[in-house]
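Below: one structure, written as structure tokens.
Every number in this text was worked out from the coordinates using simple rules, so none of it is lab data. The structure displayed is predicted, hence computed values, not measured ones. When we count neighbours, we look across all protein chains shown, and the Cβ atoms used for this are built from the backbone with ideal geometry, even at glycine.
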């Protein structure tokens with residue numbers, strides 16, 4: 001019986017200071033949570049993968065979703081401002097400029 005080829009997974013996380021990218025190798029089958037733990041991006045036990053908003057190639061997924069070789073696991077930051085609020089602020093700023 002042949003040994004399974006390990007999965008090569010990229011784990012990326014955009015912080016305020018820039019992009020962190022780690023390449024991990026995991027035995028199949030592996031999950032998103034396994035990849036995040038293997039990447040060791042966070043101090044142990046301070047942030048649990050279950051608390052994170054994650055995706056694979058831009059599509060949101062769950063921490064228990066399975067991975068395929070070559071997948072990119074993305075860890076998303078919380079929004080700093082809600083999209084509706086940002087649009088409202090831009091519209092107000094534009095209106096102030098027109099009034100001058």
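Data for the structure
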item	result
Residue-span extension gain [residue 98 to residue 5] - 0.36 nm each, minus C-alpha spacing	27.3 nm
The stretch 1-43: C-alpha gyration tensor shape, a/c 1.5 cut-off, then a/b vs b/c	prolate
Calculated FRET efficiency for the pair residue 42/residue 82, C-beta based, R₀ 30 Å, to 0.05	0.75
Rounded to 10°, Cα long-axis angle of helix 83-99 versus longest principal axis of the chain	30
Whole-angstrom Cα spans of the chain along principal axes, big to small	76, 25, 21
Fewest-first sequence of 40, 100 by Cβ atoms within 10 Å of each Cβ	100, 40
